[in-house]
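Where a number appears in this text, it was derived from the coordinates with a stated rule and is not lab data. This is a predicted model, so every value here is computed, not measured. So basically every Cβ, Gly included, is an ideal-geometry build from the backbone, and we count neighbours across all protein chains shown.
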Amino acid sequence: MRAALLAYPKEFRTDFGAEYARTVDDIVTHGGRRDLGSALRIAVEALTVGPRMRWENLMSSARIMLSAVVGFVALAALAAGSTATGIFAASVIVLLLLQLAGRDRPIAPIEDVHPRSRWLRLVNPEATTTKESPVKHLRWLALPVLGLGLVFLFFGLTWTALPQLGVGVALVAVAASVWRVTAGVWPVVPEA
Amino acid sequence: MAKRQPDPDDVDSFLPLPASAMHIMVALAGDERHGYAIMRDIEDLSSGSVRMGPGTLYGSLKRMIDQGLVEETDERPDPALDDERRRYYRLTDLGQRVGAAERARLSALLEAAHMRQLGLGGAV
C-alpha cells in the first residue's frame, strides 16, 4: 500500500511521506483493515488525489507556465534548425530567466527596482499600490502580448527572418515582465 | 493560474472552507492529534459516513499549514504509543477564528434550509 505514495508529488512525499506510511501502517494494524477493500481505497485515492496535487502544483507555479513557453520556442528553434533561430531562442530563454530569477517589483520605491524594469513603474507612479488596486488587472494584458509574440516568433523561425524574430522576442519579454510585476504579492509596498 | 491566497487579516477570505478542511478543524477543535487520530475522529464523528484517506488528509493538512490555519506541535502527548514518524497538529489562533466563521456560515445556511423546509415539501 505504501507504493501508493509514488502517485503523489515529490514535495508531498518529502514533507509527509514518512507520516503517510505510518498512517497506512496504523490503518492496517489498529484499524483492523487488512483487507482488499482498504488497499483498494488507498490505491484509488492515490490515483485520484495524487494527480490532482501534481496538477495543482503545476498550475500554481508561474515558472512552469513560462517554462512551457520557453520550451515551445526552443522546440521551434530546433525544428527550424538554423544558428540564428538558436541564438534568438537562447535570447528568449535568457530574458525570461532574468525576469523569473529577479526579485524586483517595479511597483515599489524606485530605488528598490532593477534598472531594466523601471519603465514599468509608470503603471503606478505613487508606489502605494494595495491589494485592491486596479493595477493588478493589467497583468491580463500580458496574454495578448504573449500571443502576438508567439505568432511573430513562429513566422520568424519559419522564414528565418530576423525582424520578425526580434519583434517576437521583444513581445515575449514584455509579456513576461508585465505578468511578473503585476501579479506579485499585494501589497508590494505597505499602505501609507 | 495560481489560486489567490486568502488574507490572514480577513477571515471571510478563507470561506467557504472545503469540506475536508472543516472536518479536520472539527477533529482538532478538542485537542491536538496526529494524522491517524484525525482520520479516526472524522470517521467517528460522522458515524462512519466520512472516511478520509491519508492522501486527502495530508494534502488538506499541507494546505492548511501553508495558510496558517494549522500548525505542527513539538509536544508529544502520547509518548507510550509514540512513533517518530508521527507528527501532532493543532489549530492556530487564525484557524480557530476561521473555524468559528465557517461554523456561523454553515449554521446560517442550515437555518435557512430549516426555515424553507428543504426536503420536506417546499416553503411555508
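Side notes on the structure shown:
- Shielding of peptide B:62-74 by partners, expressed as the average count of other chain Cβ atoms within 10 Å per residue Cβ, is 1.
- Gained length - residue B:50 relative to residue B:96, 0.36 nm times residue gap less alpha-carbon distance: 14.3 nm
- What the Cβ-Cβ distance of residue A:41 and residue A:151 gives, at R0 = 51 Å and to the nearest 0.05, is a FRET efficiency of 0.55.
- Largest-first principal axis extents, alpha carbons of chain B, Å: 57, 35, 28
- Chain B - percent relative contact order, Cα under 8 Å, separation 6 or more: 29
- Per-residue ³J(HN,Hα) for region B:101-115, Karplus 6.51 cos²θ - 1.76 cosθ + 1.60, θ = phi - 60°, Hz, x for Gly and Pro: 5, 5, 4, 4, 5, 5, 4, 5, 5, 5, 4, 5, 5, 5, 4
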